[in-house]
Amino acid sequence: MLDLDSWQEIFSILGKNRLRAVLTGFSVAWGIFMLIILLGAGNGFENAMRKGFSNSLINSMWIWGGKTTKPYKGLKPGRYTRLTNEDYEQIKKNIPEVELISSRFYLPGQNYVAYKGKSLKYQVISVHSDYLAIDKVDIIQGRSINNLDVLQKRKVAVITEEVKKELFNHKEAVGEYIIVNGFYVRVIGVCKDKDQNNNQVVALPITTAQLICGGKKNISNLCLTIPDSSSVKESVEIEKKIRSVLSGIHNFDPEDDRAIYISNSVEQAGRYMTIINSIRMFVWVIGIMTIVAGIVGVSNIMTIVVKERTREIGIRKALGARPRSIIGMIMQESILITSLSGFIGLLLGTGLLELIRTKMPANEYFYNPEADIRIAVTATLFLIAAGLLAGFFPARRAARIKPIVALRDE
């Protein structure tokens, strides 16, 4: 515990060397501040990527029709690939790795949904029973579309929470009938979609929607899941199997990547993890370099401090001061500067990150920047310890100098 005289002496020394104290403190504060900002920025990019994957299962695949670019079996390129019910059935039948699968079909034209004189325009999609699970949609009231709804072409619908509020004004929706493009359908469930851009949707069984559209067999796209344990390599092999099955139906070259488009979430997640790891490595390299720069700055200034005070040290030793007290005197000054500066850098860095987090508008590329305080505090303590160590050895050498030699120092 420092006594009052020691504190007065420390502040007196710092007051006489304000510029030196400020430069020492700035190197420490800047190192911690930059580390906090870099950690927060790295986490912001990482959180945005993870949020993008949170809206659907990471082991999912989405398939769309495309346009052929290669000739195949005498057929010219430039043919459009239009997915149908047969594609759904053949993938489900011939690829055992597929766990959940659903077609998705959008009702064409202007889709108006009416209830008791109120008519509003919504997106109307039709799906199989697995779709809501694949798209991570939560049922908050009633139930989801099931296999019997699809097989029996039942006129039922699941609506989102936003649609319920606008059509029913907080009344009970499950069991009520709404009119979709002139057809009565019964509401069987209310769901909440995690995707905020997709919150005004009415979902029907796909067979019902195709019946409403005159018995069409076309579908807009397919979605499916594969086992959670699938590696990127395994997912690519499954993707090749899907292309092979669809090429047999639509007569296109299985190597023609544009004949159909497949979004492989497992492969995308692998690429994103590579990017995330690269960002982490970059942040740590820059952060460590910044801290090292701070340590070098503290070391240089501590060496200058000891050299400037060599004559003072000689006087203290001539008056009977022990080497331990001389070393402690220099270390006390360093502890005060580095601790205070490290705290200021930590405070400014976390404050700036909090300001960015609260004021920055929603962005799909940067979300919720935050730094691990434990890492920041550990880095601060490490920087303080390194600064003390940098000053300890010159202070110890000075403490070993004989008083008569120290007094001769200019």
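Data table
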item	result
Residue count for segment 254-278, restricted to those that are closer than 26 Å to S229 by Cβ, open to solvent by less than 50 Å² (accessible area, probe 1.4 Å) and in contact with a Gly (Cβ under 7 Å, 6 or more places away or on another chain)	1
All positions within segment 104-160 that are under 16 Å from I188 (Cα atoms) and among the polar types (S, T, N, Q)	S126, S129, Q141, S144, N146, N147, Q152, T160
Of all residues in segment 88-105 being of a type in the set (D, E, K, R) and closer than 19 Å to S220 by Cβ, the one that is surrounded by the most Cβ atoms within 10 Å (Cβ to Cβ)	R104
Subset of segment 341-365 (residues that are under 19 Å from I37 (Cα atoms), touching a residue at least 60 places away in the same chain (Cβ under 8 Å) and open to solvent by 40 Å² or more (accessible area, probe 1.4 Å))	I344, L348, T350, L352, I356, N363, Y365
One residue from G78, G31 being within 30 Å of E370 (Cα to Cα), open to solvent by less than 40 Å² (accessible area, probe 1.4 Å) and either part of a helix (DSSP H, G or I) or not aliphatic (A, V, I, L, M) (or both)	G31
Tally, over segment 58-75, of residues that are buried (at least 19 other Cβ atoms within 10 Å of the Cβ), hydroxyl-bearing (S, T, Y) and modelled with pLDDT of 90 or more	1
Residue that is farthest from F282 (Cα to Cα) [pool: residues in segment 39-55 that are modelled with pLDDT of 70 or more and small (G, A, S)]	A48
Number of the condition not met by D257 [criteria: (1) farther than 30 Å from G42 by Cβ; (2) part of a helix (DSSP H, G or I)]	(2)
I242 being within 14 Å of R104 (Cβ to Cβ), touching a residue at least 24 places away in the same chain (Cβ under 8 Å) and buried (at least 16 other Cβ atoms within 10 Å of the Cβ)	no
Selected residue [open to solvent by less than 30 Å² (accessible area, probe 1.4 Å), in a helix (DSSP H, G or I) and modelled with pLDDT under 80] from S334, S299	S334
Check on V201, buried (at least 21 other Cβ atoms within 10 Å of the Cβ), touching a residue at least 40 places away in the same chain (Cβ under 8 Å) and either over 27 Å from N94 (Cβ atoms) or among the acidic types (D, E) (or both)	no
Within segment 313-330, tally of residues that are surrounded by fewer than 17 Cβ atoms within 10 Å (Cβ to Cβ), of a type outside the set (S, T, Y) and assigned to a helix (DSSP H, G or I)	5
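The values are calculated or read from the model by the stated rules, or taken from the named source; none is laboratory data. As the structure is a prediction and not an experimental result, all values here were calculated from the model. All Cβ positions, even for glycine, are placed from backbone atoms using ideal geometry, and neighbour counts span all protein chains on display. When the accessible area is computed, the model is the full protein with side chains, heavy atoms only, and any ligands, DNA or RNA have been set aside. Shrake-Rupley method; radii C 1.70, N 1.55, O 1.52, S 1.80 Å.
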